[in-house]
Amino acid sequence: MTSILILNGPNLNLLGTRQPEVYGSTTLSDIEAQCNAVAAELGIGLSFAQSNAEGALVDRIHDARGTHDGLILNAGAYTHTSIALMDAISSTEIPTIELHLSNIHAREDFRHTSYIARVAVGVICGFGAHGYTLALHAMARHLKAAT
């Protein structure tokens with residue numbers, strides 16, 4: 001069975017209460033439930049994790065090698081700063097979709113730079129919580145086409 005890891009970075013544990021005008025009122029638990037329902041419809045396995053620590057995210061990416069076929073990563077602010085996350089994705093060679101709730105290109109200039117995009121198969125941003133299910137469909141399609 002195809003397996004996808006959805007990995008969330010810093011401050012995403014605060015979804016639903018953190019700047020709802022930017023990130024919406026949907027919680028990370030709500031998003032996980034929505035993703036589990038879509039994964040069941042698609043017939044794929046799904047794991048969901050979140051950490052505020054860059055090293056823990058790198059470890060999860062390393063651990064995904066040989067366990068998961070694809071990675072959906074909302075690295076939060078680490079998107080714009082973490083060469084370590086970029087290198088982890090590149091080293092494990094796991095197809096990755098970069099995901100953001102907000103449209104990072106319509107925000108502050110520093111958010112326009114992404115180290116993750118350099119090693120991702122695609123980027124989804126600006127669709128709020130719905131972006132997660134869009135990413136699941138996109139990854140499932142990508143993995144199917146690759147086989």
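FYI, it's all coordinate maths here, none of it is from the lab. Only a predicted model underlies this, so the values are computations on that prediction, with no experimental measurement involved. Here the Cβ is made from the backbone with ideal geometry for all residues, glycine too, and neighbour counts use every protein chain on show.
Rounded if a/c is under 1.5, else prolate if a/b is larger than b/c, else oblate: which is the range 1-72, with a ≥ b ≥ c the root eigenvalues of its Cα gyration tensor?
Note, shape of the range 1-72 comes out oblate.
Using modelled backbone amide H atoms (1.01 Å from N, in-plane), which distant-in-sequence or interchain residues come within less than 5 Å of residue 125's amide H?
Amide H neighbours of residue 125, under 5 Å, 5+ apart: 100.
Taking neighbour Cβ counts within 10 Å as the exposure measure, how do 72, 104 sort from fewest upward?
104, 72
Using a simple charge model, +1 on the beta-carbon of Lys and Arg, -1 on the beta-carbon of Asp and Glu, nothing else, what dipole does the chain show about its Cα centre, in debye to the nearest 20? Present the calculation step by step, with values, prior to reporting the outcome.
Values: 8 positive and 13 negative charges, 41 e Å.
With Lys and Arg at +1 and Asp and Glu at -1, about 200 debye.
Match the structure shown to one of the listed values (1) 0.95; (2) 1.46; (3) 2.66 of Cα Rg over 2.2 N^0.38 Å, computed from it, and give that label.
(1)
Using the number of other C-beta atoms within 10 angstrom as an exposure proxy, rank 25, 114, 102 with the fewest first.
Details: 25 12, 114 20, 102 17.
Ascending Cβ contact count within 10 Å gives the list 25, 102, 114.
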